[in-house]
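The structure appears below as structure tokens.
What follows is calculated from the coordinates using simple rules that are stated; it is not laboratory data. These numbers come from a predicted model, not from an experiment. Because the Cβ atoms are built from the backbone with ideal geometry, glycine has one as well, and the counts that use them run over all protein chains shown.
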Amino acid sequence: MMNPIRGVLFDLDGTLVDSIDLIVACFDHTYHTHLGATLPRERIVATIGRPLIEALEDAAPGRGSELFVTYGAFNDAHHDDLLRPYPAALDAARALHARGLPLGVVTSKRRAGARRALRLYDVDALFPVLVALEDTQRHKPAPDPLLEGARRLGLAPADTLYVGDSVYDVRAAQAAGMPVAAVLWGAGTAGELRALTPDLLLAEPGELLAAPLQAPSTLGVALGALENEETERDGQRADERQRPDVRP
């Protein structure tokens with residue numbers, strides 16, 4: 001049985017927003033431009049949850065950075081048109097926020113791309129904690145990003161629920177000693193997610209509200225939020241010095 005959940009961290013792509021068509025279109029354009037071919041949709045979807053540069057380097061060893069630039073330019077141009085919200089997932093996050101649960105997002109996107117997606121649907125303020133690609137050296141399925149998210153919430157990993165749609169999300173949470181809710185409306189299939197025995201397997205976002213939830217005291221959360229604001233300001237200054245990636 002899970003401990004009472006005192007805070008919730010969400011994956012972004014495939015969990016809060018439906019970016020699958022956008023990601024597939026970006027990969028198709030990039031592969032066709034550089035390699036003269038495309039990959040089957042299911043192979044592209046299987047990369048969701050990994051850092052983009054790793055997936056591109058796997059497709060074209062030694063040329064990942066070149067493909068990254070093409071992918072990013074196409075994504076910049078088509079992001080707002082091809083991205084879609086999961087309205088029920090965003091509603092569930094709003095309900096958790098209303099109950100006093102501190103929330104955050106842990107994603108393999110760069111910070112600028114993640115904030116762009118959240119602002120597009122006016123939910124940025126729900127997630128004062130954002131752990132993005134730049135914030136840890138190791139990425140999902142390593143536990144580091146999730147542990148950093150819990151630290152910024154001011155909570156122990158065992159008291160923090162991670163919600164995600166991919167096998168990378170489930171494995172990262174389990175490695176972090178964090179309870180995990182695997183969702184069935186994103187990139188992962190029911191079979192592969194069920195095989196990893198997540199603590200919760202959610203067919204609908206509203207089912208998240210039935211988890212054992214307990215709002216924490218506000219002091220630790222407030223301190224974590226202040227630290228996160230400082231981290232984000234540092235990150236924004238860094239973003240100004242390099243081209244932002246708005247990826248998977």
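Build a GNM of the chain with springs between Cα atoms under 10 Å apart, and of R84, R99, R152 the one that fluctuates most is R99. Residues T70, T107, T160, ranked from the fewest to the most other C-beta atoms within 10 Å, line up as T70, T160, T107.
By the count of other C-beta atoms within 10 Å, a proxy for reagent exposure, V106, V170 are ordered fewest to most as V170, V106. Here the Gaussian network model covers the chain, with springs between Cα atoms less than 10 Å apart; of G177, G191, G100, G191 fluctuates the most.
A Gaussian network model of the chain, with springs between Cα atoms under 10 Å, assigns the largest mean-square fluctuation among Q137, Q214, Q174 to Q137. Taking other C-beta atoms within 10 Å as the exposure proxy, I44, I53, I23 rank I53, I44, I23 from fewest upward. Applying 1/(1 + (r/R0)^6) with r as the Cβ-Cβ distance of E204 and E66 and R0 = 35 angstrom yields a FRET efficiency of 0.25. Per-residue ellipticity at 222 nm computed for the chain from its helices equals -14500 deg cm²/dmol, with DSSP H segments shorter than 4 residues left out and the rest contributing -39,500 (n - 2.57). Summing charges over neighbours of R41, with a neighbour being any other residue whose Cβ is under 13 Å away from its Cβ, gives -2 when K and R count +1 and D and E count -1.
Translational diffusion of the chain, estimated by Stokes-Einstein from the Kirkwood radius over alpha carbon pairs at 25 °C in a medium of 0.890 mPa s, is 136 µm² per second. Label-point separation (nm) for A77 and D58, each offset 7 Å from Cα along Cα-to-Cβ? In this crude spin-label approximation the distance works out to 2.7 nm.
Temperature 20 °C, viscosity 1.002 mPa s: under these conditions the Stokes-Einstein estimate for the stretch 1-89, based on its Kirkwood radius over C-alpha pairs, is 150 µm² per second.
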